[in-house]
1. Could you tell me whether any residue of the range 305-317 is among the polar types (S, T, N, Q), modelled with pLDDT of 95 or more and not in a loop (DSSP other than H, G, I, E, B)?
2. Only one residue in ALA104, ALA135, ALA130 is more than 19 Å from LYS335 (Cα to Cα) and touching a residue at least 60 places away in the same chain (Cβ under 8 Å), so which one is that?
3. Can LEU252 be described as over 19 Å from LEU148 (Cα atoms) and in contact (Cβ under 8 Å) with a residue 40 or more places away in the chain?
4. Output the residue which, of all residues in the range 241-281 that are more than 17 Å from ALA161 (Cβ to Cβ) and among the β-branched types (Val, Ile, Thr), is surrounded by the most Cβ atoms within 10 Å (Cβ to Cβ).
5. Before we move on, is ARG155 crowded, with 22+ Cβ neighbours inside 10 Å, in contact (Cβ under 8 Å) with a residue 60 or more places away in the chain and farther than 19 Å from PRO336 by Cα?
6. Give me the residue from the range 322-356 that is under 15 Å from LEU252 (Cβ atoms) and not in a loop (DSSP other than H, G, I, E, B) and, out of that set, modelled with the highest pLDDT.
Amino acid sequence: MSRRHKRLLRLGGSGPAGALSRSLRLISPSGKSPGRDITARRDIIFSSRLPRSDRYERVLPEEVLNGPGLKFDDAVGTTARGSRTLVFLATYNERSNIAALLDAILALPVACDVLVVDDNSPDGTSRFVAERAAADPRIHVLVRPKRLGIGSAHRLGWLHARRFGYGRVVTMDADMSHQPADIPRLLRALDEGADVALGSRFAPGGKLDYQGWRLFLSRTANWLARKSLGLSLREYTNSFRAARLDKLPLGLIEGLTNNGYGFFLAETVRTARQGLRVVEIPIHFHDRGAGRSKMPKFQIVLGVANLLYLVFDRRTFKLGQNGSGARFECVHCGKPYVITMHLGARKCLLCMRDHA
């Protein structure tokens with residue numbers, strides 16, 4: 001280990017910066033730390049500058065992050081299923097929207113549970129949802145250590161729905177751009193025989209509040225997807241959708257490798273090519289209620305690359321190809337969200353760490 005890293009371990013000081021520097025400590029490959037035990041939140045990180053055998057554990061003090069009591073891998077209210085429908089929300093800094101959204105979903109005439117996967121929002125989103133979950137058994141929350149991608153959060157939501165025996169899953173944005181009042185319409189489409197119901201901004205009767213460049217980009221992206229992929233669907237990139245889990249084989253969605261916004265395009269294409277009955281339900285897509293968009297600009301470039309890949313890769317999903325083996329707990333975070341990916345690689349969709 002270099003002098004620089006040894007010195008880093010000895011750093012102290014006061015305030016949040018000092019607390020973070022003091023939180024670094026060397027641990028042995030066996031996982032046992034030579035240092036004193038610290039009751040705090042843990043997030044395993046790796047340094048590319050260190051030898052492969054040297055691992056660092058960054059213990060993020062609770063007073064620096066979200067305050068005491070909530071670890072990144074806490075799963076509040078995830079041991080019981082109250083209905084056969086799960087509504088899934090991926091959040092990051094949505095504290096200003098999440099309260100109204102939860103109230104609207106839980107007030108629907110359709111019985112449903114709500115799962116929130118939060119990527120350690122610094123604005124306290126996870127803490128607020130955890131407090132709601134403690135008082136309402138219909139609300140569940142999973143907190144991940146950091147921003148790990150909206151696509152990986154949705155894969156986790158799908159796997160959670162399967163692991164806890166839900167029959168239907170609804171996914172939507174947490175920024176109030178999707179209206180909870182449209183959820184019964186999506187579920188009604190499933191009851192009428194659809195396997196997947198897409199909330200569509202571009203189907204006849206759909207509406208999109210974007211203007212200018214954002215409107216042009218959204219329309220163009222979905223038009224290009226339709227023309228280049230040879231599919232009849234008009235909507236590809238919207239996250240608002242519902243599906244019957246008994247019609248989608250395990251791994252069809254969870255086994256996707258897209259961790260970013262390209263996940264929604266890949267999900268749509270995979271379900272359509274699988275021969276499932278996919279219908280579009282026109283919706284009114286509103287601009288976000290509060291806060292600002294989390295989509296990085298480089299995702300546009302990745303989206304183009306993802307589309308080109310899907311144009312040339314026309315293989316259909318085969319049962320047992322990936323996503324199987326979701327039957328054991330993660331050795332790192334202890335939660336039951338490990339799946340077997342393509343070529344036998346195993347990954348936990350909660351902490352996103354690989355398994356041997």
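The values are calculated or read from the model by the stated rules, or taken from the named source; none is laboratory data. Quick caveat: nothing in here was measured; it's all calculated off a predicted structure. All Cβ positions, glycine included, derive from the backbone under ideal geometry; neighbour counts span all protein chains shown.
1. No; the residues of the range 305-317 include none that is among the polar types (S, T, N, Q), modelled with pLDDT of 95 or more and not in a loop (DSSP other than H, G, I, E, B).
2. Answer to the selection: ALA104.
3. Spelling it out, LEU252 is indeed over 19 Å from LEU148 (Cα atoms) and in contact (Cβ under 8 Å) with a residue 40 or more places away in the chain.
4. Checked the range 241-281; the qualifying residue surrounded by the most Cβ atoms within 10 Å (Cβ to Cβ) is THR268.
5. It is false that ARG155 is crowded, with 22+ Cβ neighbours inside 10 Å, in contact (Cβ under 8 Å) with a residue 60 or more places away in the chain and farther than 19 Å from PRO336 by Cα.
6. It comes out as ILE339.
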